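Q: Below you'll find the structure I mean.
The values are calculated or read from the model by the stated rules, or taken from the named source; none is laboratory data. Note that the structure is a prediction, hence the values are computed from the model and not measured. Note that we place each Cβ from the backbone using ideal geometry, even for glycine, and neighbour counts take in every protein chain shown. We work out accessible area using only protein heavy atoms, side chains counted, and drop any ligands, DNA or RNA first. Shrake-Rupley method; radii C 1.70, N 1.55, O 1.52, S 1.80 Å.
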Amino acid sequence: MASLQASNLVLSSSSKQIHAAISVPKLPSIRFSVPKVPTRVLSDELNARDGFISTVPIEKYITRTTLVQESSSFSMATIQLYALLEAVADRVEMHSNIGEQRENWNTLLLNSINMITLTAATMAGVTATGGAGVSIWGLKLASTLLFSTATGLLVMMNKIQPSQLVEEQRNATRLFKQLQSQIRTQLAVGSPSKEDVKDAMEKVLALDKAYPLPLLGVMLEKFPASLEPAVWWPKNQSPKTNKSQETKHFNRKVENNGWTEELETEMREIAEVIKRKDSEDYERLGNKALKINKVLAKSGPLLTGIAALGSAFMGSSNGPWAAIVAAVAGALASAVNTFEHGCQVGMVFEMYRNNTGFFKLVQESIESNLDENDVEKRENGELLEMKVALQLGRSLSQLRDLAKKSSYSRIEGSPIDEFASKLF
């Protein structure tokens, strides 16, 4: 029934053609703005969650390619200088440690030898005061063995001169630290060249040769015929100028790499004062210290050897004289050993040798610049003058006054009564 009524309704509505319009009210148009999802890198998202916000644009991130480009911007000379810097730092540590070790050698050997010598001398003295019938074989044998041991130790100690070895290592440590600071300055000032690397390498090798670490085979001669200045710098490779080309034209203004005629004259006078006064005086004192050390090095083992022979011949048949000789020689040997190694005569000789080398270095640095005919190839004149003044412990005005005194003394024919160095 429901279906029949529905069909009739449709037929009736279609036949009457009823037109109906439903008016629906217009709703306001609402626009929704959907925010764009930011395309962040995973690391940025994690930083944002932790409360850190990076304000650096993505374009300025350092990528792997830029890192490679920056690393390639370092020259090979810079990398080589860094490698040399590490080697120099290692040498500083080695020389410092070995210097401490050899200083312990000097203290321990000095105390041990003196204790052995004095003990043996005491035994010999007790034997000399012994009455008739007293058995002295034990004291005789013990004192002989102790004196013989002291003789062997003294020969070895005087051969290597531990106090002189310590001074060598002190100077090597100081000079390697100086070279270390020079390399750091080159790296900080600007881009180094291959010549800088070659120069630094030659300085390292020259220091290794001047202050060797081993004792056997390459140890420096402790008793040379005469004092020779220590040389810890490479030979100057700058070409020598022709002596016939002595004419140079300078302007009064400082525009010739800091050099003027007055500065050349001043540097020549300073080099002459160093040669005539400082170098000669330290060579004279060094040779005196060398002679004293030679006498002491021979006297100590000789006295302990005499004491050992005297203690060996102690007995009732020889009377107390053998024991007295052994006791007196042992006491003298202990005094000589204390003066030689306690006062460190070998160290004093090494100090004079290094000071003479220092004056030779200053003199050669001045002369090598003056021998260069091309002013532009020299070291800057004002800088060299300042370096020489600081090395000699003087101000610039004091250095110029010294040059004037030297010039006046040469004109008058009288020796100058002042040393160039005020440091030592």
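Q: For the stretch 213-254, how many residues are within 21 Å of the chain's Cα centre (by Cα), at pLDDT 90 or above and closer than 25 Å to Q363 by Cβ?
A: The number of residues fulfilling the criteria is 7.
Q: Being open to solvent by 100 Å² or more (accessible area, probe 1.4 Å), at pLDDT 90 or above and within 34 Å of the chain's Cα centre (by Cα) is the filter here, so list the residues in the stretch 393-424 that pass it.
A: Matches in the stretch 393-424: R400, K422.
Q: Hey, among the residues in the stretch 105-124 that are under 17 Å from V155 (Cβ atoms) and among the aliphatic types (A, V, I, L, M), which one's surrounded by the fewest Cβ atoms within 10 Å (Cβ to Cβ)? Talk me through it step by step, then tell me what you get.
A: Within the stretch 105-124, the first condition is being under 17 Å from V155 (Cβ atoms), and the residues that meet it are 105-106, 108-110, 112-114, 116-117, 120.
Add one more test, that the residue is among the aliphatic types (A, V, I, L, M), and what stays is 108-110, 113, 116, 120.
Values: L108: 11, L109: 18, L110: 19, I113: 25, I116: 22, A120: 30.
So, considering only residues that are under 17 Å from V155 (Cβ atoms) and among the aliphatic types (A, V, I, L, M), the one surrounded by the fewest Cβ atoms within 10 Å (Cβ to Cβ) is L108.
Q: Could you please tell me which pairs satisfy a Cβ distance under 8 Å, a separation of 6+ or placement on different chains, a first residue in the stretch 81-97 that is under 17 Å from T185 (Cβ atoms), and a second residue that is open to solvent by less than 40 Å² (accessible area, probe 1.4 Å) and among the small types (G, A, S)?
A: Listed by first residue and then by second, the contacts come to L81/A200; L84/A200.
This table checks each residue for (1) over 30 Å from K294 (Cβ atoms); (2) of a type in the set (S, T, N, Q); (3) in a helix (DSSP H, G or I).
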| residue | (1), (2), (3) |
| --- | --- |
| M351 | no, no, yes |
| Q363 | no, yes, yes |
| E385 | yes, no, yes |
| S397 | yes, yes, yes |
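Q: Tell me, which residue of the stretch 72-88 that is part of a helix (DSSP H, G or I) and open to solvent by 40 Å² or more (accessible area, probe 1.4 Å) is nearest to L213 (Cα to Cα)?
A: From the stretch 72-88, those part of a helix (DSSP H, G or I) are 72-73, 76-88; that's our starting set.
Now drop any that are not open to solvent by 40 Å² or more (accessible area, probe 1.4 Å), which leaves 72-73, 76, 79-80, 82-83, 86.
Values: S72: 38, S73: 38, M76: 30, I79: 27, Q80: 24, Y82: 23, A83: 21, E86: 18 Å.
Result: E86.
Q: So K203 ticks every box in (1) open to solvent by 20 Å² or more (accessible area, probe 1.4 Å); (2) outside any helix (DSSP H, G or I) but one. Which box is left unticked?
A: Failed condition: (2).
Q: Could you tell me whether L145 is part of a helix (DSSP H, G or I) and open to solvent by less than 80 Å² (accessible area, probe 1.4 Å)?
A: Details: part of a helix (DSSP H, G or I): yes; open to solvent by less than 80 Å² (accessible area, probe 1.4 Å): no.
No: the conditions fail for L145.
Q: Here's something else I'd like to know. So for the stretch 370-378 (the condition being in contact with a helix residue (DSSP H, G or I) (Cβ under 8 Å, 6 or more places away or on another chain), open to solvent by 30 Å² or more (accessible area, probe 1.4 Å) and either part of a helix (DSSP H, G or I) or in contact (Cβ under 8 Å) with a residue 12 or more places away in the chain (or both)), does at least one residue qualify?
A: There is no residue in the stretch 370-378 that is in contact with a helix residue (DSSP H, G or I) (Cβ under 8 Å, 6 or more places away or on another chain), open to solvent by 30 Å² or more (accessible area, probe 1.4 Å) and either part of a helix (DSSP H, G or I) or in contact (Cβ under 8 Å) with a residue 12 or more places away in the chain (or both).
Q: Which condition breaks for G381 when tested against (1) open to solvent by 60 Å² or more (accessible area, probe 1.4 Å); (2) more than 25 Å from P229 (Cα to Cα); (3) not polar (S, T, N, Q)?
A: The one condition G381 does not meet is (1).
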